[in-house]
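Peer 1: My questions all concern the structure below.
The values are calculated or read from the model by the stated rules, or taken from the named source; none is laboratory data. It should be emphasised that the depicted structure is a prediction, and the values quoted were computed from it without experimental measurement. Note: ideal-geometry Cβ built from the backbone for every residue, glycine included; neighbour counts use all protein chains shown. Just so you know, the surface numbers come from the protein's heavy atoms only, side chains and all, with ligands and any DNA or RNA stripped out. Shrake-Rupley method; radii C 1.70, N 1.55, O 1.52, S 1.80 Å.
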Amino acid sequence: MNKELVRQALKTMKQGTKSMLAQATGLSVATCGNILNELIDTGELLELDMEESSGGRPARLYRYNVNFSYIACIIIRAGVKTHSLTYTVANLAGEAIKEGYQETDRMEPDMIEKLVDQLIGEFPQIRAVGIGVPGAVNQGIINVSDIKELINVPLEASIRDKHGVEVIMDNDMNLTVYGFYQKQGYDEEKSVAVVTFIEGCFPGAGMMVDGHILRGSTRFAGEIAFLPFGMSHEEQFRQLHERTTFYSLAGRAVSSLIAIMNPETIALTGSLVEPADVELIRQECLKYIPEMHMPQLMLLENPHENYMYGLITMTLESLSYSLQLIEKRR
């Protein structure tokens, strides 16, 4: 845990001395010195020149080596005619080292595992793999998805066992709302949601409540296609894809979220949402929700950027000390 404190402090301050790290972490200078020596021996830290002296003895500067190890992040998307994989290999500062894109008519688990094999073969310093999926994930297994071939496949465990790396797999909307939330840089914990309406798919939502992702006991939270709309899934799908009925059905889904979580902001996104729909959905919500409880409704124009940012951030956190993860994403 002390080692992780030093790591995080040095990442935050970019570079520092033993005494600066001791002050930032609350550890003794001697403890920081021992940890620094260990991290230097493994290559995780870089020794820099001495800092400029202000009259006393100059101290050695240290910097975290952001290229000590990498992460691989893969986003699986379901399309109307084709499915796709978007991937990024990033360093420990979240900077992209390699990016790529693949399309396929049929998304088989083997295709994802082959991509991981390829990336780890090219970058052996990959220590964690993050996977974003269009569906619900519980205990590393997809149980609801628009891509039927991935349901009930132990993909997370298979990659972890084969390569001995940390693996996280999460719902696309959880990752998108996490990225959106992190990019806002809130000073205090807030409640926000991102709701997506994509052509060819059922709607979904990602929710942050008081600064933490709302997942539910079986990680089913946010599957708003299962709300009791009083119609079959087939009829719901048809109405979502009809311009004359879209905003009404979308408004009812958003109203349900407002009544349950009372968020500060709801961001709407997806190919079915047009700019004018934001106000139409707001007016539909006002049929059910008192205006004083209405959140800010906005159009999220760069969901893919927020999605990948959320996946990179969460995958980097998986490399951190497990007790700190409880605080970050409990």
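Peer 1: Which residue fluctuates most in the GNM of the chain (Cα springs below 10 Å): Met207, Met173, Met294?
Peer 2: Met294
Peer 1: Another one. Count the lysine pairs in the chain that are 8 or more places apart or on different chains: how many have C-alpha atoms under 27 angstrom apart?
Peer 2: 24
Peer 1: Calculate one ³J(HN,Hα) per residue across the range 258-272 by plugging θ = phi - 60° into the Karplus curve 6.51 cos²θ - 1.76 cosθ + 1.60, and present them in order as whole Hz with x for glycine and proline.
Peer 2: 4, 5, 7, 10, 6, x, 7, 9, 10, 9, 9, 8, x, 5, 7
Peer 1: Hey, can you grab everything whose amide H is under 5 Å from the amide H of Ile142? Only 5+ residues off in sequence or another chain; H modelled, so Pro and N-termini drop out.
Peer 2: Asn152, Val153, Leu155
Peer 1: Extension gain Arg63-Met292, at 0.36 nm per residue separation less the Cα-Cα distance, in nm?
Peer 2: Values: separation 229, 0.36 × 229 = 82.44 nm, distance 4.93 nm.
That works out to 77.5 nm of additional length.
Peer 1: Still on this structure, I have one more. Modelled label-to-label distance, Gln182 and Ala157, 7 Å Cα→beta-carbon offset: nm?
Peer 2: Calculated label separation equals 2.8 nm.
Peer 1: Rounded to the nearest 500 deg cm²/dmol, what is the calculated helix-only ellipticity per residue at 222 nm for the chain, with -39500 (n - 2.57) per DSSP H run of length n ≥ 4?
Peer 2: Details: 11 runs with 129 residues, N = 330.
One gets -12000 deg cm²/dmol as the mean residue ellipticity at 222 nm.
Peer 1: In addition: Compare Ala30, Ala193, Ala22 in a GNM of the chain, Cα atoms joined below 10 Å, and give the one with the largest fluctuation.
Peer 2: Result: Ala30 has the largest fluctuation of those listed.
Peer 1: Let me ask something else. Report the antiparallel proportion of the DSSP beta bridges in the chain as a percent, rounded to a multiple of 5.
Peer 2: Rounded to the nearest five, the antiparallel share is 60 percent.
Peer 1: If you don't mind, another one. Using r as the Cβ-Cβ distance of Lys190 and Gln139, and R0 as 30 Å, what FRET efficiency do you calculate, to the nearest 0.05?
Peer 2: FRET efficiency, Lys190 to Gln139: 0.55.
Peer 1: How much of the accessible area of the chain, in percent, comes from carbon and sulfur atoms when a 1.4 Å probe is used? Walk me through the intermediate numbers first.
Peer 2: Working: 7760 of 15970 Å².
Carbon with sulfur: 49 percent of the solvent-accessible area.
Peer 1: Once you have the Cα-Cα distance between Arg243 and Lys3, take 0.36 nm times their residue separation minus that, and quote the gain in nm to one decimal.
Peer 2: Difference between extended and current length: 80.8 nm.
Peer 1: Accessible area per residue, 1.4 Å probe, Å², for the chain: what's the number?
Peer 2: Heavy-atom accessible area per residue stands at 48 Å².
Peer 1: Classify the range 210-300: rounded, prolate or oblate, from the alpha-carbon gyration tensor (a ≥ b ≥ c, eigenvalue square roots; a/c under 1.5 rounded; otherwise prolate if a/b is larger than b/c)?
Peer 2: Working: a/c = 1.57, a/b = 1.11, b/c = 1.41.
Taking the square roots of the gyration eigenvalues as a ≥ b ≥ c, the range 210-300 is oblate.
Peer 1: Would you kindly state how much longer the chain becomes between Ser217 and Asn34 on full extension, computed as 0.36 nm times their sequence separation minus their alpha carbon distance, in nm to one decimal?
Peer 2: 61.7 nm
Peer 1: Put a dot 7 Å past each Cα toward the Cβ at Tyr101 and Lys81; how far apart are the dots in nm?
Peer 2: Result for the modelled spin labels: 1.5 nm.
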